[in-house]
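Step one of this worksheet: look at the structure below.
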Amino acid sequence: MKLKQIIFFALILVSFSVKAQDPIFSQATFVPETLNPGFAGFEDKERIHAGLLSRLQWPGLDSRINTQYAFANQSFEGRHLNFGLGFNAQWQYETFNNYNFFQFNADYAYRLQISQHSTLRPAIEVGFGDKSNRFRNLTLGDQININSGVIDPISIDPLGNNTSSAIYFDFSTGIVFERAEIGNNDISYWIGASVKHINRPNISFVNGEKVPLDIFMSLHGNYTFPVMNDYLVSLTGNYMRQGEADRLDLGSLMHYGEFMLGITATTNPARSTPNSHLLTSINGFVGIEFTEFRFGISYDKNVSKLGNTEGVYEFSMTYLSRCRNCNTRRGRKK
C-alpha cells in the first residue's frame, strides 16, 4: 500500500469518528418510518405495515455504500388501547474502508384523537447500535519501510492495539400530526418532526476517548389532493440536519390507480464548504401496488462535481394488511 493511500485512509477514519452521519434514504418520505418513530401504527384499524429498503450508493466509486433497512409496526386499538408498536433494523457497509454499521430499534407511538379527522402521535424510540471498521486489517505508517518496501506485521503505534467497535444505546423521539378525511380521494396531510440520538451516544473507535454522535433533526410533511377525479398528487418535503450537514428534499408523487410516478430534488441549503452545491441530485421514482404489496424503484442522478458516481439506486417493498373494519377509506395513508 502506498503512503498516499495510507494517509487518505487515515483521513477517512477520522472523518467517520468525528462526523458520522445517519443513513438517509431517497424514498424516506414514502417510507417515513425511516425518519420518525411517530409512524409506528400510523396505518390505523390494527393493520400491520412492514417493509424492506435496499440502497446502493455510488457504484462508480471505490467508496461504494450498501444500506439495508427493515421494519414492521402495527396499531393497537380498543377500549383501553390506543397506540402503535414497531421495530426496525438498519445495516450499512462501505467497501473502501470496511466501515460496518448496524442498529436495531423499538418504537412506541401514542395516538391522541384531537378531533374527528385529526390525530397527534408523540413517540419514543430505543435502540442498540454497533459501528466498526475491522481494525485488524489496517496497515499503519510505522509498519512500512519505504526504502525496502517491506511491511512489518507488528506496529508500535499506541492506537494499533487500542481500537475496538463502538457499541452503544440510543434514544430518540418524534411526533406526527395528521389530518385525514374519510374518503380515499379527499384532501389529507401530515407533518412530523423527530430528534434522534438525544443521549449523544459515544461512537469513538479509540478506547478511553469520547466522540458523541451528533443529534439528527428532521422536519417532514406530505400533502395529498385529488386531480381530475382519477389522480392523486402528493407534495412532499423533508428537511434534515446533523452536525454541520443539512439537506432539504422537495418532491411530488402522482398516483393513478396502482401506478405511481415521482420526482424529488435534493438540495444542500447550508453549503458548509466552498465546494458545496445547492442542488446535489435529481431523484426519480416509479412504483406499483399489487394487492397488499407496494414495490418502488428510485434512481438519484448526481448533478454536482463529485465525479462519475453512477448515482444511487434504491428498491423498496412494503406490505399493508387489509383493513376489515374500514368504512370507506381502505387505501394507504402514505
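The values are calculated or read from the model by the stated rules, or taken from the named source; none is laboratory data. Just so you know, these numbers come straight off a predicted model, no measurement behind them. Note: ideal-geometry Cβ built from the backbone for every residue, glycine included; neighbour counts use all protein chains shown.
The number of residues in the stretch 45-86 that are crowded, with 18+ Cβ neighbours inside 10 Å and either more than 16 Å from T318 (Cα to Cα) or touching a Phe, Trp or Tyr at 6+ places or on another chain (Cβ under 8 Å) (or both) comes to 15.
Would you call G174 touching a helix residue (DSSP H, G or I) at 6+ places or on another chain (Cβ under 6 Å) and at pLDDT 90 or above?
Working: touching a helix residue (DSSP H, G or I) at 6+ places or on another chain (Cβ under 6 Å): yes; at pLDDT 90 or above: yes.
It is true that G174 is touching a helix residue (DSSP H, G or I) at 6+ places or on another chain (Cβ under 6 Å) and at pLDDT 90 or above.
Selection of the stretch 98-119 for residues being buried (at least 19 other Cβ atoms within 10 Å of the Cβ) and under 12 Å from S63 (Cα atoms) yields only Y99. The numbered conditions (1) farther than 24 Å from K196 by Cβ; (2) assigned to a strand (DSSP E or B) are all true for G84 except (1). Within the stretch 188-242, the residues that satisfy the criterion of being assigned to a loop (DSSP other than H, G, I, E, B) and surrounded by fewer than 17 Cβ atoms within 10 Å (Cβ to Cβ) are I198, N199, R200, N207, G208, E209, K210, I215, M228, N229, D230. Residues in the stretch 20-38 that are in contact with a Lys or Arg (Cβ under 8 Å, 6 or more places away or on another chain) and not in a loop (DSSP other than H, G, I, E, B): P32, G38. One residue stands out among those in the stretch 18-36 that are touching a Ser or Thr at 6+ places or on another chain (Cβ under 6 Å) and not β-branched (V, I, T): the one that is modelled with the lowest pLDDT, which is P23.
So which residues in the stretch 202-217 are over 18 Å from the mean Cα position of the chain (by Cα) and at pLDDT 90 or above? Selection gives P212 alone. Please indicate, with yes or no, whether at least one residue in the stretch 275-282 is closer than 18 Å to R55 by Cβ and under 17 Å from the mean Cα position of the chain (by Cα). Yes, that holds for at least one residue.
Cβ-Cβ distances below 7 Å connect the following pairs, each with a first residue in the stretch 117-133 that is among the hydrophobic types (A, V, I, L, M, F, W, C), a second residue that is assigned to a loop (DSSP other than H, G, I, E, B) and crowded, with 21+ Cβ neighbours inside 10 Å, and a separation of six or more residues or different chains: A123/A40.
Does L250 satisfy the condition of being among the hydrophobic types (A, V, I, L, M, F, W, C), out of contact with any His (no Cβ under 7 Å at 6 or more places or on another chain) and more than 23 Å from I187 (Cα to Cα)? Before the answer, list the steps.
Numbers: among the hydrophobic types (A, V, I, L, M, F, W, C): yes; out of contact with any His (no Cβ under 7 Å at 6 or more places or on another chain): yes; more than 23 Å from I187 (Cα to Cα): no.
For L250, the condition - among the hydrophobic types (A, V, I, L, M, F, W, C), out of contact with any His (no Cβ under 7 Å at 6 or more places or on another chain) and more than 23 Å from I187 (Cα to Cα) - is not met.
Condition check: at pLDDT below 95, β-branched (V, I, T) and in a strand (DSSP E or B). Does T280 satisfy that?
Details: at pLDDT below 95: yes; β-branched (V, I, T): yes; in a strand (DSSP E or B): yes.
Here the answer is yes, as T280 does meet what is asked.
Suppose the filter is at positive phi, at pLDDT below 95 and of a type in the set (S, T, N, Q); does T291 pass it? Spelling it out, T291 is indeed at positive phi, at pLDDT below 95 and of a type in the set (S, T, N, Q). In the set (1) surrounded by 14 or more Cβ atoms within 10 Å (Cβ to Cβ); (2) at pLDDT below 95, the condition left unmet by N147 is number (1). Only residues that are out of contact with any Ser or Thr (no Cβ under 7 Å at 6 or more places or on another chain) and either of a type in the set (F, W, Y) or assigned to a strand (DSSP E or B) (or both) were counted across the stretch 92-126, and they come to 18.
I'd like to verify a number: residues in the stretch 39-81 that are of a type in the set (A, V, I, L, M), at pLDDT below 90 and assigned to a loop (DSSP other than H, G, I, E, B), how many?
Restricting attention to the stretch 39-81, the residues satisfying the condition of being of a type in the set (A, V, I, L, M) are 40, 48, 50, 52-53, 56, 61, 65, 70, 72, 81.
In the following step, the residues that additionally are at pLDDT below 90 were identified as 61, 65, 81.
Narrowing the set further to residues that are assigned to a loop (DSSP other than H, G, I, E, B) leaves 61, 81.
So the count comes out to 2.
Under the condition of being in a strand (DSSP E or B) and touching a Phe, Trp or Tyr at 6+ places or on another chain (Cβ under 8 Å), the residues counted in the stretch 252-268 number 9.
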